[in-house]
Structure formats: structure tokens, C-alpha cells
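Okay, so here's the structure we're looking at.
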Number of protein chains: 4
Amino acid sequence: MTAVGKTIWAIPEGYIPSQSTSGDLAFLSHETVCMLNAGAGDANVSIAIFFADREPVGPYWLTVPPRCTKHLRFNDLTDPAPVPRDTDYTSLLESDRPVVVQHTRLASRKSKLVLLTTIAFGQN
Amino acid sequence: MTAVGKTIWAIPEGYIPSQSTSGDLAFLSHETVCMLNAGAGDANVSIAIFFADREPVGPYWLTVPPRCTKHLRFNDLTDPAPVPRDTDYTSLLESDRPVVVQHTRLASRKSKLVLLTTIAFGQN
Amino acid sequence: MTAVGKTIWAIPEGYIPSQSTSGDLAFLSHETVCMLNAGAGDANVSIAIFFADREPVGPYWLTVPPRCTKHLRFNDLTDPAPVPRDTDYTSLLESDRPVVVQHTRLASRKSKLVLLTTIAFGQN
Amino acid sequence: MTAVGKTIWAIPEGYIPSQSTSGDLAFLSHETVCMLNAGAGDANVSIAIFFADREPVGPYWLTVPPRCTKHLRFNDLTDPAPVPRDTDYTSLLESDRPVVVQHTRLASRKSKLVLLTTIAFGQN
């Protein structure tokens, strides 16, 4: 089977508001990255977080098992450091095997619920 | 005429909530894949659904007639198995002819209506 | 200067609801295609509209002047025929010069306002 | 390390409404372009704004520092001229080093909050 995807993915837009309308986890404001590893081996992915005015933080390491998807909330990243709230950031993912990456943000602020998505920018 | 599209398409983000605000079919939470077959022959498409922690399910088979579009709700897939609700998944489409694929999700939860879309990730 | 864009663009997702919450034109449900012609000559664009179960309709012709943008509402297309409401469709654009195409839909239904966008699928 | 991104980016859809529900800056209607410069040197970016019926305005100049992101609101551009409100426009970015560009619009109108995003169209 053909390898599906790319090994480098960028998501320029990133922002986790500290405010959230709901205490319900499903409706808590979050930034999510959804990854597909359609291949036969583990995909080892490192994530770096870039900021406007300081050095990048990372790498965060994660593994997407073969023939699996992983939906990861940036809110949940803690090692080496949590992603700061109310701060513009960008994420860059590098994988040792081809993957496909989609970015989704749910924002619940001021009793509003908004949801946005895009396939990330991929290259090899 | 040039063949339009690609033969492999991935949509990493997938999630069908079991809750829905409306009983009206048009406003029922759904995940849709919109496919264009601009060519002169049937496009035979197989879909596999990937999960976080188990083997993929599929293939689901469908045909997009020549010079036609098909808007398919993942909610409606039943063979070989319905797509589970409240579960993260990813879909991978493979077609025997070039097609173009766009992903749209409508979510109606807590009296909110949200709609998001992206062209899927395509390759040959 | 480098020519910017592609000559073939597809937007698989298309749907104009007949219901609209507002009588205000800015909030009327609409599907928009935004085109950039960054080049030095007119871009002559033909649009074909594809359906689930009948032959495509078109071509619709339009011109994007040099170094200009055009934001076109599918709602406004009339020649050779209006785009039917409450009907799934797909649009395919072909230009004699490179252009860049983005799709935006505003839906105002049931007092909700939703807005979605994606760069279309482009190829030469 | 591989250079990440492209040097030319287009965002066909652009529109800043003059109305805004909120006086709170975070909820003021805005168009944002998010740029990643993952490289080791400054990325010098020029932006041109295209209109439906007149010559483009620009260039607007900005610099994205090495290994940094910049989230820029089109609302904030002033030199050589502010971006007109209630007017369709398109933006074209050119960078002397590869960058990645994502477009986000927040619209707050009529007590509604909508948010949309897409990776821009990139090429070299």
C-alpha cells in the first residue's frame, strides 16, 4: 500500500483562551490536532511550539500506533511545559513516518460555541 | 479533458456526537463527505474508518456516477458496521478514478449550531 | 513576476438553503467563491455545477480583471440557469490564466449564523 | 533542517465588517493572518491588498523573526493605508524565506460570534 501523508506539518494558528463558558469537558475551549497514521509501524511525532517573541518550546513527543488515529488536545500537553493560555502560538509537527494532520479549535466564550477546522500545511 | 482530483483522500478529524438539539434531519449533527467525480466513468470509492485503539473498520463501498457529486453522511454508513457515536475517528478514502473530497461537519449541541469545512488531504 | 495560482479549481461542497433568518442582504444565506487574479491580463473563468443525479449545468462565464479580486455569490448566478436551492451541488472552475479560489458559506438559519471557509482544491 | 513552507501565499477571501457587537478587543471583528517562520533568519514579508475594481494597495512590510510566529490583524495595517471596511479584498503575501500562512476571521455581528479558518494557498 502507498504511504499516506507527509512527515512535516505546520499549524500557524494557535490560541487557547483561558475563559470557557462550560465546565463540561466536551465544551471546554480547546485546540486539537488530529493525526492519521495509515501505515504499518508506529509514527513517532515531535511537536514544537513557536511564539511571537521567545524561543520555541519542545519537543513534545507522542506516538501514533499503526493503522490508528490520535486526536490530541494542546490543552493536555505538559512535558516539557504546558502551552500558555491567552497567547498566540504556532505548532510544527515532525514525524518519522508519513501522517496526515488536521487542526480543529473549539471555542466556547460568552455563551457562544464556535468550531473551526483546516487540514494543516504538510510537506516532506 | 484533464482528470480532476486525486485517488487517495484522508480526513483525520471525525466525531459524531450522540446528542443533537434538533429532531429536524437537516439540523441533526452530522459529518459529511462531499465528493466530485468530474470524469466520464464511475468512481468506485472505498472508505476505511480508523480509531484510536482498535483495528480499522471497512471497507465501505460507494460509487460516484460520472460527472456527478455525492454528499455522503457518515451517520448513514451501516455496512459493514455503523460509525460509533461519541468516538474519535479518521476516514481514508481510496478511489479507482480521480475525485475531489471536502469534509463538512454540522454540530447542533446545547442550542448551538456550528458548521465547519475543509478540503480533505489528497494524494495519488 | 511569477504567475500565482492554478487553472482548475473544485469545491465539492455546495448547498444554498432556501430558508434564511434575515431579510438583510449581508446576512442572507449564501455560497461565495472568492477569486484572485494577480496577473496582468483578464482571467476568463467558466463554472460548471454538478449534481447528484443529473447532468451538470453550465458553463457560467465570468471575467476577473487583471490584478483584481472577484467575490461571487452562487445565489446570483442566473445564466444559463439559477442554482437550485436546497440541493447538493459541486462547482468546478476552469480559468484561462492562473487564479486562486477560496470558498465561503454563510448560513443563517433558525436565528443562528454560521460561516465556513476553505481554500478550494486547485490543480493545473 | 528542511526549510518549512512556501514563499508566496494568497488569501482570496477578505472582508472586515465595520459593525461589531463587542467593544472588547478580543471580540472585535477581525481578519488575522498567522505566519510561521521556522527558519534561522528573519523572514521579510510584503503584503499586497487586491480589490474588485481598483489597483492593489501595498506593499505593507513586516518581519517575522527567526523561529517565531506572528499573528497579524489586517485591521491593524495602516502603512501605506488602512484596509477599507465593508469592502471585498484579497491579500497576497510574498516572503524572502519560506513561511507557512493560515487565515482566520472572527466576526461578531448581531450578537453572533463566528470564527473561520483555512491554511492559505501557498506556492514558490
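The values are calculated or read from the model by the stated rules, or taken from the named source; none is laboratory data. Fair warning: this is a prediction, and the values are worked out from it, not measured in the lab. Here the Cβ positions follow ideal geometry from the backbone for every residue, glycine too, while neighbour counts run over all protein chains shown.
Structure summary
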item: Residue match in the stretch C:46-54 (condition: of a type in the set (S, T, Y), modelled with pLDDT of 95 or more, closer than 30 Å to B:V64 by Cα and assigned to a strand (DSSP E or B)); result: yes
item: Residues satisfying the stated conditions in the stretch B:53-97, i.e. within 28 Å of A:T32 (Cα to Cα), in contact (Cβ under 8 Å) with a residue 40 or more places away in the chain and of a type in the set (G, A, S); result: B:S91
item: Single residue of the stretch D:35-45 satisfying the filter (in a loop (DSSP other than H, G, I, E, B) and touching a strand residue (DSSP E or B) at 6+ places or on another chain (Cβ under 8 Å)) that is surrounded by the fewest Cβ atoms within 10 Å (Cβ to Cβ); result: D:G41
item: Residue that is surrounded by the fewest Cβ atoms within 10 Å (Cβ to Cβ), among those in the stretch D:81-94 that are more than 7 Å from chain C (Cβ to nearest Cβ), at pLDDT 95 or above and touching a Pro at 6+ places or on another chain (Cβ under 9 Å); result: D:E94
item: Hits in the stretch A:100-124 (condition: within 9 Å of chain D (Cβ to nearest Cβ), assigned to a strand (DSSP E or B) and of a type in the set (A, V, I, L, M, F, W, C)); result: A:A107, A:L113, A:V114, A:L115, A:L116, A:I119, A:F121
item: All positions within the stretch B:6-45 that are over 16 Å from B:F74 (Cβ atoms), modelled with pLDDT of 95 or more and not charged (D, E, K, R); result: B:T7, B:I8, B:L36, B:N37, B:A38, B:G39, B:A40, B:G41, B:A43, B:N44
item: Answer from A:R97, A:R73 - the residue that is among the basic types (K, R), away from every other protein chain (no Cβ under 12 Å) and closer than 22 Å to B:F51 by Cβ; result: A:R97
item: Within the stretch A:65-88, tally of residues that are in contact with a His (Cβ under 9 Å, 6 or more places away or on another chain) and either among the hydroxyl-bearing types (S, T, Y) or part of a loop (DSSP other than H, G, I, E, B) (or both); result: 1
item: Qualifying residue in the stretch B:53-69 (condition: over 29 Å from C:P59 (Cα atoms), loosely packed, with under 14 Cβ neighbours inside 10 Å and β-branched (V, I, T)); result: no
